[in-house]
Structure formats: structure tokens, C-alpha cells
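The values are calculated or read from the model by the stated rules, or taken from the named source; none is laboratory data. Predicted model only: the values in this text are computed from it and were never measured. Methodologically, a virtual Cβ is constructed for each residue, glycine included, from the backbone with ideal geometry; neighbour enumeration extends over all protein chains shown. The accessibility values were calculated without ligands, DNA or RNA, using every heavy atom of the protein model including side chains. Shrake-Rupley method; radii C 1.70, N 1.55, O 1.52, S 1.80 Å.
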Amino acid sequence: MAPAKERLHSLLLLFIACILKLSTAVPCLPDQASSLLQLKASFIGDSLPSWRAGTDCCHHWEGVTCDMALGRVISLDLGEFDLMSRRLDPALFNLTSLRNLSLAFNDFNEAFLPVSGFERLTDMIHLNLSWAHFGYRIPIGIACLKNLVTIDLSGNYHLYFERPNFQDFMANMSNLRELYLDQMDFRDSASTWSTVLADSVPQLQVLSLFGCFISGSIHPSFSRIRSLTAINLGNNWELTGKVPEYFSELSSLAILDISGDQFEGQFPTKIFELKSLTTIDLSGNPMLSVRLIHFPTGNNLETLNLAGTNFSYDMPSSFGNLEYVKTLGLNSMGIDDKLPALISKLPLLDDLRLQLMGSDLENPILSWVGNLTQLTHLMLDGYDFSKSTPTWIDKLIRLQSLKMQDCSFSVPIPYQIGNLTKLEELQFWSCDFSEQRMPSWIGNLTKLTSVYICSCNFSGPIPSTIGNLIQLKKLVVWSSNITAD
């Protein structure tokens, strides 16, 4: 058969296959539609308008995916639909063929998760209830879902493990690959979490326990989890000990975030040689010593945040290998005369975070920052600008976000900030402004969408020019002596 005829024949067979598939598609089964409509009725207001009785839920209802051969719902993705409810309706558990369920970023008003029902969803592979405002204890039924590959319960501040405890919850999760439990309360399992994970989920690839009140040191048995690509243990103030050396043996590790913890000793320098790494955030570990020795060619680092650590370096030549770094955070006392020139050569750098540790340290010169005209984000933490006003800041004409924390200004706040007309975000946290008034030039920043002024000693009224900020969506002012004009 000639090539042209072969292609025509193949296309014809494909067309026939598609027709046959469409002709055999089964509409949504009545019990599936009824359960979905009952779930819809539990939401407040006119939610999910496409869910209408008498229409096929498998073809026309948003967020619903079916097994077309059976007419049964296999995926329900209602994430970020802005739904509101005071309960999770048990009709959901009639959808026993569900493999994927997402209710993320909706508001269930701290409702309890049903004590029973989840155990019926035995086909479940991906479960996402993150930031959905659920409360009380996690039901035992979720622990029965042995096929789960992904669990995300992050951001439910009042959700916790009790019966089952964390060990019992994880016992049957051998298929799990991604676990996200950010900002859940782990205090009852604070020091045992690492051994539990090592025993239960040795094939885990993504672990995120940001702000979970975990404590103590990471147990040596944690080294049995060899497939990790992302580790986020940030903002756990009682997580201590040394950063494990075996992290450098995780050949697929792309993200390591241990920011805001209390690690100590020498950070294993070999971790920096992992070519898979894209993000490493060690910031806010004041007892952690970080010495940069060598960055290999071909590394893929995009975020390197060492602010708030005991940082030093001994690799000026290899610093130029950070060709993909977009975000850089450093402790100013580790910056010598050579480093600013190296930083200025980073081609993609657009986010710089600088911190000065220690109140008795001499204030470093920051004028070199003004040469980084490509910056879109700048954070300065712990600087005293009383003797050296940062007039250089108006060179940063592309700046979209400016954050200052624990900074002092006994001299007038530099009017040059008012020239940064591309600013969308302006934040002052715990800054000493010596009872100055909020400057009127804030009205020049007409692209601002958010302003935070928190625990700063401004005085007097908010200037009337703030009315120029027609794009402003969020204005947060607290613990500051500012009044309405």
C-alpha cells in the first residue's frame, strides 16, 4: 500500500474508533447525579450553576469527570470554586468510584470532617482538602485509603491527629508519594514524625510539614527515604540538631526548605553540589554555619536563601555558575568587597533579600544594591538607615515589591521610594520611624495593590494622597500611631 494510502487508512480507522467510543459512552448514572445535587444543596448561595437536574453530569457539570464507559464519577475537582458551607455533606461518599477529590481553597467554616464515610472511597488516589477550613480530628476513614498517592491537608489550622494518631494514620500508606500537612498541629507527634515516615512511606517523594510544631532532631532512620525530590520543614522553631549529611545523597532532591528552624553546626556543603536542586532555603537558622565552597557547572539553582545564617564563602569563581538564580538571600556580614560584583553578574536575579544579624554590628554599605537595576523584589531586614539614607533605591526602577523589617530611620524616610512607580507591594514591619508622619509621596505609587504598616512608630494622620491609590486592595495598619486624616 502506498504511503499516502496508508496514512488515509490509519486516519479512517482512528475516525471509526472515535465514533465507536462516542456511541458507547454511558450518560451519568441517576444515583451519581442525585448525590452531586445533594452535595450542591449543602453549599451556601447560588453555587455551581452548571449543575442542573435533567442534564448529564458527565458532560456538562464543571469540576466533574466520569468513567465514560460506566457513567460513574471518578474525579471531583472543586478546588478554588469559592464555595461556602457549614458541613461536608455525606452524599459525597456515595461517589464510590472517586479517584480524585479536591475541595481545596473553599470555606467549610471549621466544620468537622465526617467520622465515617471516607472509608467507602477505596479507589481514591489523590485527596486534596487544603485550605478548606476544616476542623477537629482527622477521621479514621482517611487512614483506610490504601491506594492514596497524594494527600494534601495543608492550611487547616484546627485539624489534628488523635484517633488515629499520626503513626496509625500513616501505617497503611505504603503507596503514598506526596504528603502535604503544612500548618497542622503535630505537637502530639512532634519528635516521632521522622521515624513514622521512615517506617511507613519509604517511597515518599514530596514531604511538606511547614509550620507543624515538629521538634527535636531528624532521626537517622529518615535516611531510608531515598526518593525525596522536595523537603519542606520550614517554620518549625523547635526543630533542632544538625542537618543530615545523607541529604547530599538524595540524587533527585530539587527543593530543600528548612527556613525558620533551629538547626546548628556546619551545613553539609556537598548538598550544594546536587545538580537537581532548584531551591534551597536555609534562612532564619542563626546557629547554622553555611560555607559556600563550590557550585558545579550545570547546576539548576533558582532560589538560594542564606539570610539569617552564619554565612561565608570561598568560591568566587564558581559563583558565576549560578546562571539560573532568580532569588538570593544573604546575611550582610558575609558580604565582602568582592561579592557585590559577583552578584551583579547573575543574569536572572530579580529578588534580593538582605539581613543584618546582631544589634551591635556596624551597618554595612548597601549602595551596591542600587546597581542591580533588574531587581523586581527587595527585602531589607535589620538595617539602621539613620546615618546612611538609602538614596540609591530610586535606581531600582523595576521594583514591584519592597519590604523592610526591623529597620530604623531617624532621618526622613527617603523620598526616592516615591519614585518607584512600578511598586505593587509596600511593607514596613517593626520599623523605627522616630514618630515621623507617613510621607505624602505614597500617593505617587499608584500601582500599589497592598500596603502593610505593622508595629511601626509612625505618628499623625494617614495622608490624603493615599486616595490616589485606586488599585489598592489591602491596607493593613496596626500597632502604629496613625490616624485617619
Item to check | the stretch 233-337: translational diffusion in µm²/s, Stokes-Einstein, Kirkwood Rh over Cα pairs, 25 °C, 0.890 mPa s | outcome: 180 µm²/s
Next on the checklist: From the gyration tensor of the Cα coordinates in the stretch 162-248, what semi-axes in whole Å does the equivalent ellipsoid have, largest first, with each one equal to sqrt(5λ)?
Outcome noted: 17, 17, 12
Checklist outcome for this item: Quick calc, the stretch 383-485, dipole around Cα centre from Cβ unit charges on Lys, Arg (+) and Asp, Glu (-), nearest 20 debye, gives 360 debye
Checklist entry - When the label point is put 7 Å from the Cα of ARG187 along its Cα-to-beta-carbon vector, which residues of the stretch 221-240 have a backbone N closer than 14 Å? => result 237-238
Item to check | Helix-derived mean residue ellipticity, 222 nm - over the chain, DSSP H n ≥ 4, -39500 (n - 2.57), to 500 | outcome: -3500 deg cm²/dmol
Checklist entry - By how many nm would the segment from ARG86 to ILE140 lengthen if fully extended, with 0.36 nm per residue of separation less the alpha-carbon distance? => result 17.3 nm
Checklist entry - Along the principal axes of its C-alpha atoms, what lengths does the chain span, in descending order and rounded to whole Å? => result 77, 66, 56
Checklist entry - Over all distinct alpha-carbon pairs, what is the Kirkwood Rh of the stretch 209-290 in angstrom? => result 12.6 Å
Item to check | Approximate spin-label separation ALA25-GLU435, in nm, with each point projected 7 Å along Cα-to-Cβ | outcome: 7.3 nm
Next on the checklist: If packing is taken as the average count of other Cβ atoms within 10 Å, what order do 30-38, 124-132 fall into, highest mean first?
Outcome noted: 124-132, 30-38
Item to check | Computed over the stretch 216-335: relative contact order in percent, which uses C-alpha pairs under 8 Å that are six or more apart | outcome: 19 percent
Checklist entry - Any idea what the relative contact order of the stretch 299-397 is, in percent, if you count C-alpha pairs under 8 Å spaced at least 6 apart? => result 25 percent
Next on the checklist: Need one number for the stretch 313-393: average projected area of the convex hull over its C-alpha atoms, nm².
Outcome noted: 5.3 nm²
Checklist entry - Along the principal axes of its C-alpha atoms, what lengths does the stretch 321-462 span, in descending order and rounded to whole Å? => result 49, 37, 21
Item to check | Accessible area (Å², per residue) of the stretch 156-216, counting only protein heavy atoms and a probe of 1.4 Å | outcome: 40 Å²
Checklist outcome for this item: A correct Karplus calculation of ³J(HN,Hα) over the stretch 223-234, with 6.51 cos²θ - 1.76 cosθ + 1.60, θ = phi - 60°, whole Hz and x for Gly and Pro, returns 5, 6, 8, 9, 9, 5, 10, 8, 10, 10, 10, x
Checklist entry - How high is the relative contact order of the chain, in percent, with contacts defined as C-alpha pairs under 8 Å that are six or more residues apart? => result 5 percent
